1. From the list 87, 163, 107, pick out the single residue that is at pLDDT below 95 and either outside the structural domain of residue 58 (by TED's automatic domain parsing) or assigned to a helix (DSSP H, G or I) (or both).
2. Name every residue in region 110-143 that is assigned to a loop (DSSP other than H, G, I, E, B) and under 18 Å from residue 7 (Cα atoms), in order of residue number.
3. For residues that are on the phi > 0 side of the Ramachandran plot and crowded, with 20+ Cβ neighbours inside 10 Å, scanning just region 247-299, find the one that is modelled with the lowest pLDDT.
4. Can you name the residue in region 114-125 that is surrounded by 17 or more Cβ atoms within 10 Å (Cβ to Cβ) and either modelled with pLDDT under 75 or in contact with a strand residue (DSSP E or B) (Cβ under 6 Å, 6 or more places away or on another chain) (or both) and, of all such residues, is nearest to residue 167 (Cα to Cα)?
5. Could you say which residue among 198, 222 is assigned to a helix (DSSP H, G or I) and either over 18 Å from residue 267 (Cβ atoms) or assigned by TED's automatic domain parsing to the domain that holds residue 148 (or both)?
6. For region 432-470, name all the residues that are over 21 Å from residue 50 (Cβ atoms) and out of contact with any strand residue (DSSP E or B) (no Cβ under 8 Å at 6 or more places or on another chain).
7. List, please: which pairs have Cβ atoms under 7 Å, are six or more places apart or on different chains, and start with a residue in region 198-218 that is more than 17 Å from residue 340 (Cα to Cα) and end with one that is surrounded by fewer than 20 Cβ atoms within 10 Å (Cβ to Cβ) and at pLDDT below 95?
8. Is it the case that region 349-361 has a residue that's surrounded by fewer than 23 Cβ atoms within 10 Å (Cβ to Cβ), modelled with pLDDT of 95 or more, in contact with a helix residue (DSSP H, G or I) (Cβ under 6 Å, 6 or more places away or on another chain) and within 20 Å of residue 546 (Cβ to Cβ)?
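The values are calculated or read from the model by the stated rules, or taken from the named source; none is laboratory data. Since we're looking at a predicted model, the values are computed, not measured. Because the Cβ atoms are built from the backbone with ideal geometry, glycine has one as well, and the counts that use them run over all protein chains shown.
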C-alpha cells in the first residue's frame, strides 16, 4: 500500500472497522480531520463541546452495540472527555477515543497544551496508551476495537503524538479486530445453577447491562417463559425484555415499583445476569430476598464482578447469551406444571397493576404531573421509540415502569451509576444517529438540560430529529429534595432564579419549541413534537411541573438512607 501518515492509518482502520460517525471538535486540522476529509463515508459530527461528543459516542455504542468513536484536541479538549469516558466505563460502553498527544521532541519543555493525558485517562478507561511509532498505529487501533468489545466492554483512549500522527510508515492492509468473542459457563457450575433453579418456588431474574450488550434478549425471554419467572432490570439492562411482557416487572433498587418490591421480597432464588449489583441497583445492598434460605446465582462475563458485593451460592463466569442458553437447555427436562401456573399468576398481577397505574396517571389533576406526561408520551410515541434518560428528581419518573413502558428491545439508554448530568441530553443525538429509523426522546430536568442544550444546533446540523421533554421545576430538584428532608428546608444554591427561555432557545436553534403547564395540553403538544420529528426537525417541549410530586419508592429509598 505504500507509506501513510499515522492519522491516515487511523482513518483506514476506522473504515475497515465500519465506523460511520466520529463525534468531536477538530482542533489542529492537520491531525485526524485532514485524513477524515478523504473519507466521506465517515460523518464528522461537529459538536459544540467535547464532552458532548463523548456522550454521543457512548449512547451511539449502547444503542448500536458497536463502538462509538470520539475525538478531542490536546490538553483541555481531552480533559473535557473525562466525564464522558467515566460514564462510558460505568455503562460498559465500547467507546474509542484516538486523540492527539504532545510531540515527544518537545515533551517536558512546557509545550503548548502539554498534559499528562495518559495519567488523566487511565482511571476512566479500560485501556489508555500512547502510540510511540507510526508503524504501531494499526496494531493499537485493532487492539482498541477488540478490547472495547470483548469481555466486559468499555472505553479506550489512544494518544497519537503529533510526530506519530503526521509521520509516515509503510502500511499493510488493515486487519479488523475480533469482536464479541464469547465464552460459555463451566458445565459443573451451570449444572449447579440448574439444580437451584429447578427447586425454586419463586425464582427472580435481574437483567443488567451485560445481558443487553451480549444480545441475550431472546434467551432471557425464553428462559423466563419456560420457568414462569418474573424479570427485573437495572437501568442499563432496561430494554432486555419488552415492558409490556407479562413477566416484565420493572426495575430494581431505587427504581422499583410495588410489583418489583413484592417480587424481590418473596423470591427464594435471585439470579443476576450482567450486573455489578451496585448501590442504587440494590437499595444500598439491602434489597436481597427476604425468604428464609434464599439462594443467589450470579452470572457475569467479568470475573472481577463475581462476589464483589453479595456472595453467590453459584457463580458462573461466561457470556450471558451462551450461559442463558445452557440454563434453558438444562431445565427442559425439569419443567413442572406449576411453572405455567406461576406465569399466569404473575401475569394477572401485572395486568392489575398496569390498570391501577393507568387510573393514577389519568386522574383529574389541577397541575401537570410527570407521570401523566410519561403515560401520554408512551401512548403518542408508541413502539419504535428509544427513551434516553437523564438524572434528577422529576425525570426519575421515566425509570418507573409502567408509568413509561419501554416497548422495544434496546429501547432505552440510561447512564451508569456515575449519572453525569447532561449525558442524556447530548447522548440522544448519538442514539438517533445510531438508529435513524427509531424515534428518540430524552426526558430531562431543567438542570441537566442546561448542561448540554448547546447541542440542539448539533442535532439540526446533523439531521438528528430528537424530542427533548424538559421537566422544569426551576431548580436542582433532587438536591433541593435532600435539603428539604435532611436540612430542614435550608435550601441553598438549588433554585434557578434566572433561566433561559427554553422555547426561544429551541427556536433560535431551528428546533420546534413549545411550553405547556396543564394536563390537557400534554397530548396535543407531544403530537406536534412528533410531527416536527417526522419532517426532520428536533423538538423541545418544556413542561412546568410540580416539584414535590415524586415516586413512592424514591421517598422510601431516601427514608431508608
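1. Numbers: 87 fails: at pLDDT below 95; 107 fails: either outside the structural domain of residue 58 (by TED's automatic domain parsing) or assigned to a helix (DSSP H, G or I) (or both).
Only one candidate passes the filter, namely 163.
2. Residues of region 110-143 assigned to a loop (DSSP other than H, G, I, E, B): 110-116, 125-126, 131-133.
Answer for region 110-143, where residues must be assigned to a loop (DSSP other than H, G, I, E, B) and under 18 Å from residue 7 (Cα atoms): 131, 132, 133.
3. Looking only at region 247-299, we keep the residues that are on the phi > 0 side of the Ramachandran plot, and these are 250, 253, 274, 277, 283-285, 293.
Pick out the ones that are also crowded, with 20+ Cβ neighbours inside 10 Å and you get 250, 253, 274, 277, 283.
On the way: 250: 95, 253: 90, 274: 96, 277: 92, 283: 81.
That would be 283.
4. 117
5. Working: 198 fails: either over 18 Å from residue 267 (Cβ atoms) or assigned by TED's automatic domain parsing to the domain that holds residue 148 (or both).
Of 198, 222, the one residue that is assigned to a helix (DSSP H, G or I) and either over 18 Å from residue 267 (Cβ atoms) or assigned by TED's automatic domain parsing to the domain that holds residue 148 (or both) is 222.
6. The answer is 436, 437, 463.
7. Filtered contacts from region 198-218: 213/65; 215/65.
8. No, that holds for no residue.
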